[in-house]
Every structure is written in structure tokens, then in C-alpha cells.
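In what follows, a structure is listed as C-alpha cells, so that the remarks can point back to it.
The values are calculated or read from the model by the stated rules, or taken from the named source; none is laboratory data. Keep in mind the model is a prediction, meaning the values are calculated, not measured. Here Cβ is always computed from backbone atoms with ideal geometry, including for glycine, and neighbour counts include all displayed protein chains. When the accessible area is computed, the model is the full protein with side chains, heavy atoms only, and any ligands, DNA or RNA have been set aside. Shrake-Rupley method; radii C 1.70, N 1.55, O 1.52, S 1.80 Å.
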Amino acid sequence: MKTRLTPPEWFVLFLRDKKYPNEDKGSLNRAEFLALNNWKPRKDEEKEFNQLMSQWQNILFAEIGAKMAFYGLEWQCFKARDWLMYFSYKDQEFGLLKNYVENHINSSTFDPLDILLRNSWIEFDHLTYLLTFELMDLGLRKDLWICDRNVMLVENYLRDQETVADILIVNGGLTEVAKEKIAEAIVNKMHCGAYPDYRFFLYWYDFIMFPTIEIGRRFVKRHNVYCLPTEQEKKEHKCASSKILEEFTLKRAIVDHVQKYNINLKEQFQDIAKELLDEGLLETLPLFWGNSNQIKGDKGEHTNYSGQKLYDEWKRYKGLAEAELQYLVSGGSLEVGYLDKRKYCSFAKEENKVVSAKSLYELKSDYGLVRDFKQQMSDLQFLGPMISLWDKKSYGSNRLILSQSTETIKKSAEILGADFSDKIEEIKGYIDELDKLAKKVDDQADSLVDCYVANGWNNTATRKFSIRIKLSSLKDLQL
């Protein structure tokens, strides 16, 4: 062992002793221990030594800063989530929430409505959908309402009609290729698969008027899956309808089966959907494209227009709505931004084009949807102080400390010639944990808004345009 070490050689021993103080892997022999503890830099080595020590201190400060940021952000997430959860699930009439805001939150320093507007957005596609209905004639609107009573609130029915029409047009009718594409579209509506954190998801959404739960029933029958509710499930869902209990039980049984036997559920479901199409599924659905007949509603009434006419007129008015919104965006009257949801939702689009709630609220227009939106936001403004509990701006700036910490450690480690990948991975773990917590807070904030909006819905008043809003996700919109 050398008795005279250079500053870099001394730091190798120093870092090894600091990194593994209680492990055999890093223990020093006596010669190394003496060399480490008796060593001092010479005059001509002080500058190099100080530079190396500075890098070591950078690593220590970065590690401490990351831990402090993590614990602070974790507390911020827990606090916001707990408050939002309480008022979402415990206050169905929202009297407690209003009382709390009035008596415990000082809103004299901010405008609750402004907070709500700055933190909210509306999906561009949904705004287009609502404007399409406002532009169309009353007869077409009534016909579409006959086809689906919720058509003016939710765009799933018409979106599915467009999906099938596009497939049939491109493939020249109901060919085998078209059937494969439609089967895939039906199963995509069910979103069967797993999130990045391996939580399984499966939904029983209708496709046009076809209840996709039929595919689940066939899967259970095909694979002889035991599918009866347990006593615990009956107890937990005793207030739910038999339909909801069946949906839950079926999902649980299928998820358990596919995870146990490592089955590709999407492929299996697509095979069943194709089987149903071969049996004439589309003949039982009220398709628009290529249909020269009137559509019969669930109350027995018939539309005035044929299915094909409904499709053509819907597409025409949708084009007018898209052009009008694009004009408003180009003229600066509406502000748009983009949100990337793929990190949390594997079946989401690459990015969602959204309109800022603030710009829609301030839009000078006679459109009914704008008037309705202003009224809705006015009714919701008391939620502003509650949403301010979830300080996303502070969250975002402090979360940046974690990313910067990893970069600091990387650069200092390179200069020291040492491996600190364990510290970097630890901080990355902090980031992943915080992102999951923040997602839960976002979901809870959305739930609070949705609960309040849904509480005042009147589904029979189809003349009313209901604008569903959600809160901005992790990053602030760049508008």
C-alpha cells in the first residue's frame, strides 16, 4: 500500500468508507485505514483536493435536498387528497363543503372563480361535439335523440357510428378484413389490458347499442370460468343492482383467470367479437352508414331521416363546427394546449387537444354552450378554494428539484470517478412515487367536480348543453 496518496487516490478510499461503512464489501484494511486517516493534502494539492471535496458536498446536498423535497411534496399530496376525498364521498349535497369554504378559507386574497378557470380545461373534441349539436337543425337533433337518449351528453354512440362507417367505406362493405377491424374496435372500447403499474382494467361500455358484457359472458362460458359472486361481494354490493353485481363479478372472474393462466385477453375477446359479427351482429344494430331505413328508438318511435341521411347530416354539421372552432382558435379567441395522458392511461391518445376554461368563459359569443358554461362555472366557483389546496404550481417547481438532483449527482460522480447509481435510483423512486400520488390527487379533484356537476344534472332536459370539465394534469398547460 502506498504511504503517499494523491487526492484522487485518497478520495477513492474516502468514498468507499463513506458508501459502505458497515459492509465487508467496503471495509478498509489497516494500511488503507491509516492511509486514509493520516493523510493531508500538500500545498500544491489543495486546489485539486478542494475541487474533489466540492463535488462530494454537491452529492450530499443534492441527496438531502431531494429527500426534503420528497417529504414535503408527499405531505402536500396527502393533505390535498384527503380533503378532496372527504368532500367527494362524504358530502353528497355539498352543504358541508360550502360551509367549510365560507368559514375556514380566506378568499379575500384571490378570486375563487379565477382559480377554477385557470385550473380547468375542456377537451377540444367534446367542445366540437357540443357545438355540432347547437348548429344542427332541430329535426336532426330530435332524430339523434331518438337513437340514443344520452346522445347530447356523451359522444360514444356517434363516435362508434363513425368508426364503423369509416371501416366499411375503406374496405368496400362488410368484408372479412372489415369484420376484423370492427371486432378490434369493439374490444378497444372495453380497454382490456393492464396499466404500467399492472393494475388490470376492463370496462363494459356499449358499442353503438351492443352491450360488450356479452363478450365477457361468452369468454366465461368458453373457458369454463367459475363466475358467481362470493358472500363478501354480495355484502359489499348489497345496495347495487343485479346488473352492477354481475358486471363486477364477471370482471373479477375474468381478470383472475387471465392472470393465472397468462392469457392474452384482447386476442380472445377479438376472436369472440369476430364470431358475433359472423353470426350477424351488425344486422341487429341500428347502423347509420349504408342504411336506407329509418332508425327505431327504444321507445318504439322512428326517426324521420334514414340512417344514411343521419350519418351524412351529422358529418356535415360536424365539419361546420370544426371550422368555426378553428376560426376562433386562429383568431386568438380560444386558447388551446395539449395534455399527454399516455403515462397513466395506456389506451389514451398520444395527446389530448384541450381548450382553456378561462378562454371559453371569456369568449364573446351568443352560443348556448358558452352561456351554459358560464352558468356552470359560476355555480362551481365555490370549489375554487378547495382546488387551491392542490397547489400544482408549487408541486411542479419542487418536483423539478428531484430531477435536478439526479443530474447533479451524475455530473459530480463522473468527476470523482465513482459510482452513485444507487442514489440516483433512489431519487427516481421518489419521482415515481410522487407521480402516482399526484395522479391520485388529480383524479380526486376531478371526482369532486364531477360529483357536483352530476348532482345537478337533469338527464331529461336534453335541450341543455352540459359541459363536463376536468382539472389540468401534472404539468401546467402551456397556453
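How many percent of the accessible area of segment 225-345 is carbon or sulfur, using a 1.4 Å probe? Could you put the intermediate results ahead of the total?
Details: 3600 of 7430 Å².
The C+S portion of the solvent-accessible surface of segment 225-345 is 48 percent.
What pairs from K221/K315; K266/K353; K235/K260; K260/K423; K179/K315 go past 31 Å between their alpha carbons?
Details: K221/K315 40 Å; K266/K353 28 Å; K235/K260 26 Å; K260/K423 36 Å; K179/K315 23 Å.
Among K221/K315; K266/K353; K235/K260; K260/K423; K179/K315, the Cα-Cα distance tops 31 Å for K221/K315; K260/K423.
If the viscosity is 1.567 mPa s and the temperature 4 °C, what Stokes-Einstein diffusion coefficient in µm²/s follows for segment 133-192 when Rh is the Kirkwood radius over Cα pairs? It would help to have the intermediate numbers written out before the result.
On the way: Rh = 13.0 Å.
Translational diffusion coefficient: 100 µm²/s.
Please list, by residue number, every one of the chymotrypsin sites (Phe, Trp or Tyr not before Pro) in segment 105-175 that is coil in DSSP and has at most 16 other beta-carbon atoms within 10 Å. Walk me through the intermediate numbers first.
Values: sites: F110, W121, F124, Y129, F133, W145, Y157; in loops: F110.
Of the chymotrypsin sites (Phe, Trp or Tyr not before Pro), the ones in loops of segment 105-175 whose Cβ has at most 16 other Cβ atoms within 10 Å are F110.
Can you give the Rg and Dmax of segment 110-164 based on its C-alpha atoms, in angstrom?
15.0, 49
Mind checking segment 259-318 for GluC sites (Glu not before Pro) that DSSP puts in a loop (not H, G, I, E or B) and that have at most 15 other Cβ atoms within 10 Å? Could you put the intermediate results ahead of the total?
Working: sites: E267, E275, E279, E283, E301, E313; in loops: E279, E301.
Filter output for segment 259-318: E279, E301.
Which three extents, in whole angstrom, do the alpha-carbon atoms of segment 98-250 cover along their principal axes, largest first?
Principal axes ranked by extent give 64, 51, 34 Å for the Cα atoms.
Expressed in nm to one decimal, what extension gain is obtained for the pair D82 and Q308 from 0.36 nm per residue of sequence separation less their Cα-Cα distance? Let's see the in-between values first.
Details: separation 226, 0.36 × 226 = 81.36 nm, distance 5.07 nm.
Working it through step by step, the gained length comes to 76.3 nm.
Hey, could you grab the Kirkwood Rh for segment 84-181? Inverse mean 1/r over distinct alpha carbon pairs, Å, one decimal. Don't skip to the answer; put the middle values down first.
Details: mean 1/r = 0.0552 Å⁻¹.
About 18.1 Å, per the Kirkwood formula over Cα pairs.
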